[in-house]
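J.: Structure incoming, see below.
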Amino acid sequence: MSETAALSRPRASDVLFLVLLGVVAMLFAGFTAAYFIRRPAPDWVPIAIPLWSWVGTAVLAASSVTLELARRRESTGLQRVSLLLGCAFLAAQLFSWSGLAQSGIALPSTPHGAFYFMLSAVHGLHVIGGLCALAWVTLSDRPLRLVAAYWHFMGLVWLYVLFLLAS
Amino acid sequence: MAVAQEHAPQTFISKYVFSTDHKVIGLQYILTALFMGIVGSALAVLIRAQITWPEKALVTPENYISLVTMHGTIMVFFVVSLALVSGFGNFLIPLMLGARDMAYPFLNMLSYWTVVPACLLVLASFLVEGGAAAAGWTAYPPLSALPEAVPGSGLGQTLWLLAMALFIASFTMGGLNYIATILNCRARGMTLMRMPLTVWTYFMSAILGVLSFPPLTAAAIMLLLDRHGGTSFFLPEGLVFGNETLPHQGGTPLLFQHLFWFLGHPEVYVLVLPGIGITFDLLATFARRPIFGYRTSVWSLVVVGFLSMIVWGHHMYVTGMNPYVGEYFSIATVLITAPFAVLGLNLVASLWRSRIRMEVPMYWALGTIAVIGLGGFGGLFLATSISDIYFHESFFVVGHFHLMIGVVTVLSALGGTYYWFPKMFGRKMSVGLAKLHFWTTYLPVVAVFALMHFQGLSGLLRRYYDHTIYEFQEAGIGLALPITILVFVVTGSQLVFIYNFFVSMRRGEVASANPWNGTTLEWTAPSPAPHGNWPGALPVVDRHPYDYDPAAPAEADFKPQGTVA
């Protein structure tokens with residue numbers, strides 16, 4: 001509202017964004033509760049976290065760094081690099097899935113595996129959303145601030161998910 | 001600034017169908033809820049008919065549990081949520097805050113057009129093979145997780161899940177928009193502590209909604225994987241279907257119940273709080289005095305909101321939970337009575353030294369207060385695990401939760417409709433028909449659910465297809481016929497309302513901008529409010545929302561919260 005712009009209020013987009021992060025956080029909090037309740041069951045057979053997943057984690061971390069640099073230096077080139085790294089992360093996740101499938105671990109095989117597939121898929125969908133937003137601001141030359149913050153947040157969520165699954 | 005009106009949409013499609021105007025979207029929600037309410041009421045009548053005349057076998061046992069499931073789902077999510085939270089919320093928040101529209105009008109439109117397919121999916125599920133979902137509005141596994149469990153567990157349950165996914169997406173978009181609008185788009189001078197209590201309740205309701213729905217989304221994803229991916233999040237070992245043991249093992253249906261009620265309990269407050277907020281606003285206008293204890297009401301709302309998120313286990317006392325856990329949930333639940341008693345006291349005390357004008361909306365406001373007290377009283381017995389274990393499977397629970405999330409919400413929404421109708425359409429509803437509607441709704445509906453408490457006390461169990469074949473349930477079944485007759489009266493009475501609503505829309509008495517001499521900002525806008533809400537500049541707020549003076553002469557006993565230049 002331009003008519004009330006002079007008032008010292010938080011920006012509507014900031015409010016919307018922060019609450020959205022709260023929604024995503026609560027989604028993963030729900031999964032966390034399920035994870036800890038399901039884990040003590042006798043049929044819990046742990047799986048090894050696939051190597052590709054660690055590669056993906058490194059790529060995702062690198063994309064956060066390049067995106068942060070892109071934001072600070074206002075560099076479209078680095079923005080495009082981050083986009084590519086984001087896609088590379090998703091590819092690594094897909095490789096990790098096919099690796100698990102090749103070693104005979106399907107969705108119903110073990111609850112640990114089911115959580116791995118499910119959480120990486122839900123996180124991956126959120127990353128795809130972030131990639132779309134990133135592509136949009138890159139192509140239309142809009143401010144990167146909130147998209148970058150979202151991207152870092154999804155990076156942290158992935159580290160959390162990985163910690164949960166690997167611990 | 002006539003800017004707003006220059007942007008007013010012109011074509012029928014952009015003005016009434018794909019509109020981004022919060023008032024049009026609010027009415028779209030309300031009318032959608034009205035339609036879904038007719039469906040939900042028809043299901044209720046069928047349920048009552050089956051309970052009352054089981055020997056006629058009006059429906060099959062499989063269809064009966066579908067009826068109960070879909071009645072609950074439709075009424076909670078597609079009637080009360082849509083009408084009271086999304087409908088009135090959209091209509092009122094910008095008008096009461098002195099804003100041109102919601103913070104994100106396009107998101108608002110998207111939110112409405114996401115819930116429309118959800119409604120269609122719910123309705124379509126009655127037509128598919130096996131019928132509609134039958135696992136209760138709570139969708140408990142294993143009925144909801146095994147597509148072959150009962151007829152309704154098949155395609156009907158899948159459609160139910162899809163509809164709920166769309167509903168949650170829509171409701172989350174709405175909640176984000178409410179919070180952004182309330183924090184960002186208030187008029188000059190409208191501090192948080194000057195907001196009408198209605199807006200405060202929508203604020204709390206939106207916060208609760210966006211925080212408590214995501215864990216249910218997580219549960220729904222796991223349920224989908226159990227149904228279609230072969231996983232065992234909620235399915236234990238040893239389930240036998242036909243003559244085969246199912247391969248699932250290790251899961252626990254209790255996990256779903258926890259995740260469901262982590263949403264389910266705050267959802268009750270998402271629905272009830274706006275009802276209380278609307279009652280506060282109606283009360284101030286027709287008692288002609290400031291609300292008693294505005295600040296304590298606001299802080300009580302915040303405390304209620306917080307407590308509502310940590311008491312979900314009281315829906316699960318009979319699951320064999322650890323008694324210490326049950327004790328915690330009992331204590332936490334009973335704690336809610338403290339802030340709630342403050343709210344109730346403030347409502348009643350707002351009548352003290354007032355000058356009551358018994359206009360139509362006031363009937364509903366006073367009626368709502370009484371029901372909050374009655375429903376809350378029954379809640380004490382269900383909050384305490386010891387008594388709940390006796391009552392849990394009985395009609396006592398049915399009576400209690402209908403009073404709170406059914407009657408309180410619908411009474412306040414109806415009161416709100418009579419109150420804000422002039423702002424919506426520039427006309428008033430017929431007073432005679434409105435009073436007829438009130439008395440033929442209020443007395444029977446309270447009697448229906450009060451009597452159900454007594455049925456529960458005498459041991460009548462809920463969800464039963466035919467009570468008469470169990471000797472131990474005989475004591476309560478005698479009340480079934482009187483209750484059903486009263487249900488028919490209430491249902492018929494709503495036809496009077498619908499008639500009054502649609503006829504008054506075109507032929508009602510023309511209303512002025514401020515027909516009730518109200519103080520809040522929506523009454524400074526023209527009736528009906530144009531696109532952009534105020535033709536000129538936005539109002540500037542210089543006082544608290546309820547500046548009435550019962551000692552002043554009748555026509556000069558109020559000062560509007562803001563002035564329009």
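J.: List, in order, the whole-Hz ³J(HN,Hα) value for each residue of segment B:282-287 obtained from phi through the Karplus relation with A = 6.51, B = -1.76, C = 1.60 and θ = phi - 60°; use x for Gly and Pro.
T.: 4, 5, 4, 5, 9, 9
J.: Mind grabbing the interface size between A and B? I mean buried accessible area, both sides, 1.4 Å probe, in Å² to the nearest hundred.
T.: Roughly 3000 Å².
J.: Keeping every protein chain in place, order A:ILE47, B:ILE207, B:ILE74 by accessible area at 1.4 Å, biggest value first, i.e. largest first.
T.: On the way: A:ILE47 25, B:ILE207 50, B:ILE74 0 Å².
Largest to smallest exposure gives the sequence B:ILE207, A:ILE47, B:ILE74.
J.: Could you check how much of the accessible area of segment A:84-165 is carbon and sulfur, as a whole percent, using a 1.4 Å probe? Present the calculation step by step, with values, prior to reporting the outcome.
T.: Working: 2710 of 3520 Å².
Looking at segment A:84-165 in its full context, I get 77 percent from C and S.
J.: Can you pull the accessible area of B:ILE405 for me, 1.4 Å probe, Å² to the nearest 10?
T.: Taking all protein chains as shown, B:ILE405 has close to 30 Å².
J.: Still on this model: Looking only at other chains, what is the average number of their beta-carbon atoms within 10 angstrom of each beta-carbon in A:110-123? Numbers along the way, then the final one.
T.: Details: counts 3, 6, 0, 1, 9, 3, 0, 3, 8, 2, 0, 2, 3, 0.
For peptide A:110-123, the averaged partner shielding equals 3.
J.: Using a 1.4 Å probe on protein heavy atoms, which residues of segment B:172-201 have at least 50 Å² less accessible area in the complex than alone?
T.: Buried by the other chains: B:LEU176, B:LEU183, B:ASN184, B:ARG188.
J.: Limiting things to C-alpha atoms, what are the Rg and the maximum Cα-Cα separation (Dmax) for segment B:379-439, in angstroms?
T.: Answer for segment B:379-439, Rg first and Dmax second: 17.6, 53 Å.
J.: When only Cα pairs under 8 Å and 6 or more residues apart are kept, what is the percent relative contact order across chain A?
T.: Details: 124 pairs, mean separation 46.0, N = 167.
Taking the mean separation of contacting Cα pairs over the length of chain A, I get 28 percent.
J.: Sticking with this structure for a sec: Hey, got the dipole for the protein assembly as shown? About the Cα centre, +1 on K and R Cβ, -1 on D and E Cβ, debye to the nearest 20? All intermediate terms of the calculation are to be shown ahead of the outcome.
T.: Numbers: 35 positive and 32 negative charges, 404 e Å.
Dipole magnitude for the protein assembly as shown comes out near 1940 debye.
J.: Further question on the same structure: I'd like the Karplus ³J(HN,Hα) series for segment B:353-366: coefficients 6.51, -1.76, 1.60, θ = phi - 60°, whole numbers in Hz, and an x wherever there's a Gly or Pro.
T.: Karplus values, whole Hz, x for Gly and Pro: 6, 9, 10, 5, 10, 7, 8, 3, x, 5, 4, 5, 5, 5.
J.: Here is a further query. Along Cα→Cβ, 7 Å out, is where each label goes; now give me the distance between the ones at B:ALA57 and B:ALA565 in nm to one decimal.
T.: 7.6
J.: Ok, one more. Please list B:TRP439, A:TRP44, B:TRP160 from largest to smallest accessible area, probe radius 1.4 Å, with all protein chains kept in place. Please list the in-between numbers first.
T.: Numbers: B:TRP439 125, A:TRP44 40, B:TRP160 20 Å².
So, going from the largest accessible area down, we get B:TRP439, A:TRP44, B:TRP160.
J.: While we're here: How much accessible area does B:THR217 have with a 1.4 Å probe, in Å² rounded to the nearest 10?
T.: 40
J.: Under 22 Å between C-alpha atoms is the cut-off here; go through chain B and count lysine pairs that meet it, provided they're at least eight residues apart or on different chains. Walk me through the numbers on the way to the answer.
T.: Numbers: B:LYS15/B:LYS23; B:LYS15/B:LYS423; B:LYS23/B:LYS423; B:LYS23/B:LYS428; B:LYS423/B:LYS435; B:LYS423/B:LYS559.
Lysine pairs, 8 or more places apart or on different chains, close enough: 6.
J.: Please return the longest stretch of chain B lacking exposed loop sites, where trypsin sites (Lys or Arg not before Pro) count only if DSSP places them in a loop and at most 16 other Cβ atoms lie within 10 Å. Could you put the intermediate results ahead of the total?
T.: Values: sites that count: B:ARG188, B:ARG353, B:ARG355, B:ARG357, B:ARG463, B:ARG543.
Here the longest run is B:1-187.
J.: When all C-alpha to C-alpha distances in segment B:375-477 are sorted into bins of 5 Å, what percent of pairs does each bin hold, rounded to whole numbers?
T.: Cα pair-distance distribution for segment B:375-477, in percent: 3, 12, 18, 17, 14, 11, 9, 7, 6, 3, 1, 0.
J.: Follow-up. Per the 1.4 Å probe, what fraction of the accessible area of segment B:362-406, in percent, lies on carbon and sulfur atoms? List each step's numbers first, then the result.
T.: Values: 1280 of 1550 Å².
Whole-percent figure for carbon plus sulfur exposure: 82.
J.: Can you give the convex hull volume of the alpha carbon atoms of segment B:27-171 per residue, in Å³? Write down the numbers at each step before the final one.
T.: Details: hull volume 14.6 nm³, N = 145.
Considering the Cα atoms of segment B:27-171, their hull volume per residue is 101 Å³.
J.: For chain B, what is the mean residue ellipticity at 222 nm derived from helices alone (per DSSP H run of n ≥ 4: -39500 (n - 2.57); sum divided by total residues; nearest 500 deg cm²/dmol)? Display every interim value, and only then the final one.
T.: Working: 18 runs with 329 residues, N = 565.
Calculated mean residue ellipticity at 222 nm is -20000 deg cm²/dmol.
J.: Sticking with this structure for a sec: Using only Cα atoms, what Kirkwood radius does chain B have, in angstroms? Intermediate results must be reported in sequence, preceding the final value.
T.: Details: mean 1/r = 0.0410 Å⁻¹.
One decimal place: 24.4 Å for the Kirkwood radius.
J.: Same structure again: Quick query: amide H of B:ARG427 versus all other amide H atoms, modeled in the peptide plane; which residues come in under 5 Å with a sequence gap of 5 or more or a different chain?
T.: Residues meeting the criterion, in which the H sits 1.01 Å from N, are B:ALA511.
J.: With unit charges on the beta carbons (Lys and Arg positive, Asp and Glu negative) and the dipole taken about the Cα centre of chain A, which residue among A:GLN93, A:ILE37, A:GLY104 sits farthest to the positive side?
T.: Of A:GLN93, A:ILE37, A:GLY104, it is A:GLN93.
J.: Can you list residues whose amide H is under 5 Å from B:SER394's amide H, if they're 5+ apart or on another chain and H is modeled 1.01 Å from N?
T.: B:ARG462
J.: Among B:PHE292, B:GLY518, B:CYS119, whose Cα sits farthest toward the positive end of the charge dipole of chain B (+1 at Cβ of Lys/Arg, -1 at Cβ of Asp/Glu, about the Cα centre)?
T.: Among B:PHE292, B:GLY518, B:CYS119, the one farthest towards the positive end of the dipole of chain B is B:GLY518.
J.: If you rank A:CYS87, B:CYS185 by how much accessible surface each has, with a 1.4 Å probe, what is the order from largest down? Mind dumping the intermediate values first?
T.: Values: A:CYS87 70, B:CYS185 5 Å².
Accessible-area ranking of A:CYS87, B:CYS185, largest first: A:CYS87, B:CYS185.
J.: Would you kindly derive the ³J(HN,Hα) couplings of segment A:139-148 from the backbone phi angles with the Karplus curve 6.51 cos²θ - 1.76 cosθ + 1.60 (θ = phi - 60°), listing them in order in whole Hz, with x for Gly and Pro?
T.: Computed from phi, the couplings for segment A:139-148 are 6, 9, 6, 9, x, 8, 3, 6, 5, 4 Hz.
J.: With each pseudo-label sitting 7 Å past Cα toward Cβ, what's the B:ARG355-B:LEU120 distance in nm, one decimal?
T.: Simple spin-label model gives 5.4 nm for this pair.
J.: How big is the Kirkwood radius of chain A, worked out from every pair of different alpha carbons and given in Å to one decimal? Before the final figure, lay out each step's value.
T.: Values: mean 1/r = 0.0575 Å⁻¹.
About 17.4 Å, per the Kirkwood formula over Cα pairs.
J.: Sticking with this structure for a sec: Keeping all protein chains in place, calculate the accessible area per residue for segment A:70-167 (probe 1.4 angstrom), answer in Å².
T.: Working: 4660 Å² over 98 residues.
So segment A:70-167 comes to 48 Å² accessible per residue, rounded to a whole number.
J.: Further question on the same structure: Tell me, what is the FRET efficiency for B:GLU555 and B:THR138 to the nearest 0.05, using R0 = 60 angstrom and their Cβ-Cβ distance as r? Walk me through the intermediate numbers first.
T.: Values: r = 52 Å, r/R0 = 0.87.
Given R0 = 60 Å and the Cβ-Cβ separation, E is 0.70.
J.: So what does B:LEU461 come to for accessible area, using a 1.4 Å probe and Å² rounded to 10?
T.: The accessible area of B:LEU461 comes to roughly 40 Å².
J.: I would also like to ask the following. Could you tell me the convex hull volume per residue, in Å³, taken over the Cα atoms of segment B:79-133?
T.: With only Cα atoms used, segment B:79-133 gives 71 Å³ per residue.
J.: Count charges around A:PRO111 for me, please; just the other residues with Cβ under 15 Å from its Cβ, Lys/Arg as +1, Asp/Glu as -1. If you can, show how the numbers build up before the last one.
T.: Numbers: positive: A:ARG38, A:ARG39; negative: A:ASP43, B:ASP226, B:GLU237.
It works out to a net charge of -1.
J.: Which distance in Å, rounded to a whole number, links the C-alpha centroids of segment B:109-126 and segment B:140-202?
T.: 13
J.: Around B:ALA99, which amide H atoms from residues at least 5 apart in sequence, or from another chain, sit under 5 Å from its own amide H, with H modelled in the peptide plane?
T.: Under 5 Å from the amide H of B:ALA99: no residue qualifies.
J.: Per q in 0.12, 0.14 1/Å, what log10 I(q)/I(0) does a Debye calculation on the alpha-carbon atoms of segment A:70-167 return?
T.: Here the Debye-derived log intensity ratios amount to -0.45, -0.59.
J.: Treat every Asp and Glu Cβ in chain B as -1 and every Lys and Arg Cβ as +1, leave all other atoms uncharged, and give the resulting dipole magnitude about the Cα centre to the nearest 20 debye.
T.: Details: 25 positive and 26 negative charges, 391 e Å.
Value, rounded to 20: 1880 debye.
J.: Okay, next question. Under unit Cβ charges (Lys, Arg +1; Asp, Glu -1), what dipole magnitude, rounded to 20 debye, does segment A:70-167 have relative to its Cα centre? Each step should come with its number before you reach the end.
T.: On the way: 6 positive and 2 negative charges, 67 e Å.
Around 320 debye, computed over segment A:70-167.
J.: Next question. Any idea how far apart A:ALA48 and B:PHE377 come out in nm if each label point goes 7 Å out from Cα toward Cβ?
T.: It works out to 6.8 nm between the two label points.
J.: Quick one: work out Rg over Rh on the C-alpha atoms of the protein assembly as shown, Rh as Kirkwood radius.
T.: Details: Rg = 26.7 Å, Rh = 27.3 Å.
Rg/Rh: 0.98.
The values are calculated or read from the model by the stated rules, or taken from the named source; none is laboratory data. Computed from a prediction, not measured in an experiment: that's the story for all the values here. All Cβ positions, glycine included, derive from the backbone under ideal geometry; neighbour counts span all protein chains shown. The accessibility values were calculated without ligands, DNA or RNA, using every heavy atom of the protein model including side chains. Shrake-Rupley method; radii C 1.70, N 1.55, O 1.52, S 1.80 Å.
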